[in-house]
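The values are calculated or read from the model by the stated rules, or taken from the named source; none is laboratory data. No experiment lies behind these values; they were computed from the predicted model shown. FYI the Cβ positions are ideal-geometry reconstructions off the backbone, even for glycines, and counts take in every protein chain you see.
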Amino acid sequence: MNLEDLGWSAHFQGQVTEEEWPETAPARVIRVRRGELWLQGDDFEHVVPPGTDSRDIDVDRPALGDWFLLDPETHQPIRRLERKSILKRKAPGTGRAVQLIVANVDVLFIVSSCNDDFNLARLERYIALAFDAGTTPVLVLTKADLCENPEDYAAEAAQLGQDLAIECIDARDPVSSAPLKAWCGPGQTVALLGSSGVGKSRLTNTLRGTDEQKTAAIREVDSKGRHTTTERVLLPLEGGGWIADTPGLRELQLYDAAEGISAAFADIEALAAECHFRDCSHDVEPRCAVTAAVKAGTLPARRVENYRKLRAEEALARETIGQRRGREKVFSKMVRDIDKDLPKRG
Ligand SMILES: Nc1nc2c(ncn2[C@@H]2O[C@H](COP(=O)(O)OP(=O)(O)OP(=O)(O)O)[C@@H](O)[C@H]2O)c(=O)[nH]1
Ligand SMILES: [Mg+2]
Ligand SMILES: [Zn+2]
């Protein structure tokens, strides 16, 4: 396996000095299993045991897809290279923890099915997530074969962005899934995200021509998946790219994603620039270009509502991040002051 096939590029090479290069072996995290990091180098594999670092807010923790420089003899990690992109979300629950999903992804396949799973507001979250990470979103609508009108789903999804790539497929069928190969070229890293049961693992298998990833039929009563995939893994594609299969997400709460939200709602932000009031909330204000577009029927009210909701969530999260930083500052000053009071040693 050569490093380019693993996704190595000028972005990473540029972070390694000439002196350092002969003294290190680069390797990529291809599996995260109960805190263990499985590293793949050009001619070796190495497993790093779970770290003791339990800081839950730390975005510097290792993630699937990360690149490390290792000691060429012992294969111990020396340092992690700066990421090209990181897909992250607020960890489920009420805490403030961030969950890192996959690093160094080029293209995000946002997978949903042409059934009850399909939800525009949720798709908008995924699109914001993709843009925030600096990856290209592709909407993959599976189970087109089980649905009479897949084109209706595609047409609805087209509201979500003019240049958005949308593919309706039967994820079990290599011919139907073939258009997705355009994003899976040599050195490219593609990640799959979506609810449980939408066919992420099935599609992974189809694109790879294997049946390595376990899949399971969804529950008949409510079309919900069974959370079959339980670990994140990066798998090689035939054409030289890599694909990350991930466990289905029950919810997607954005984390520090203001830029992603702006990019996902670029149409609304362009209109907002025309509003009479600079701090217009596009609600009750007069001369609001956004509500005017809704009235004219050129912008769905649903979309504006979700935009406002995501922005409000973001504002709330931001406030607490700020408060937290404030607390940390006070705390570290306290520690310094305590230090000052201690008798000098030696
Ligand atoms: N008919 C049809 N079945 C599909 C399609 N995509 C997936 N399936 C089936 O749907 C079920 C769920 O697929 P999985 O690949 O396990 O779903 P997943 O997204 O990986 O689910 P989790 O691992 O739980 O997150 C399996 O029985 C698949 O064979 C499709 O496009 N058409
Ligand atoms: Mg799966
Ligand atoms: Zn307005």
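Restricting the first member to the range 267-289 and to residues that are under 18 Å from Arg311 (Cα atoms), and the second to residues that are at pLDDT 95 or above and β-branched (Val, Ile, Thr), the beta-carbon pairs closer than 7 Å and six or more apart or on different chains are Ile268/Val290; Ile268/Val304; Leu271/Val290; Ala272/Val290; Cys275/Val290; His282/Val290; His282/Thr291; His282/Val304.
To keep it simple, each residue is scored yes or no on (1) buried (at least 16 other Cβ atoms within 10 Å of the Cβ); (2) modelled with pLDDT under 95.
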site	(1), (2)
Arg96	no, yes
Cys114	yes, no
Asn119	no, no
Arg125	yes, no
Leu139	yes, no
Lys143	yes, no
Ala155	no, no
Leu160	yes, no
Leu164	yes, no
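Of all residues assigned to the range 301-312, none qualifies as being farther than 22 Å from Asp163 by Cα, hydroxyl-bearing (Ser, Thr, Tyr) and more than 16 Å from ligand 1 (Cβ to nearest atom).
Only one residue in Arg232, Arg250 is assigned by TED's automatic domain parsing to the domain that holds Ile110 and at pLDDT below 95. Which one? It would help to see each step written out before you state the result.
Values: Arg250 fails: assigned by TED's automatic domain parsing to the domain that holds Ile110.
Just a single option satisfies the conditions, and that option is Arg232.
A count restricted to the range 166-204 and to residues that are of a type outside the set (A, V, I, L, M, F, W, C), within 14 Å of ligand 2 (Cβ to nearest atom) and surrounded by 21 or more Cβ atoms within 10 Å (Cβ to Cβ) stands at 8. Remark: pairs (first residue in the range 175-187, of a type in the set (Phe, Trp, Tyr); second residue part of a loop (DSSP other than H, G, I, E, B) and buried (at least 17 other Cβ atoms within 10 Å of the Cβ); Cβ separation under 7 Å; 6+ apart in sequence or on different chains) are absent. Counting only helices (runs of 4 or more DSSP H) that sit wholly inside the range 164-282, those with at least 3 residues that are of a type in the set (S, T, N, Q) and within 27 Å of Gln99 (Cβ to Cβ) are 200-208.
Could you list all residues from the range 284-300 that are surrounded by 11 or more Cβ atoms within 10 Å (Cβ to Cβ) and either hydrophobic (A, V, I, L, M, F, W, C) or assigned to a loop (DSSP other than H, G, I, E, B) (or both)? Passing the criteria: Glu285, Arg287, Cys288, Ala289, Val290, Ala292, Ala293, Val294, Leu299, Pro300.
Checking each residue in the range 244-269 for being within 16 Å of ligand 2 (Cβ to nearest atom) and either of a type in the set (D, E, K, R) or in contact with a Pro (Cβ under 8 Å, 6 or more places away or on another chain) (or both) picks out Asp245, Arg250.
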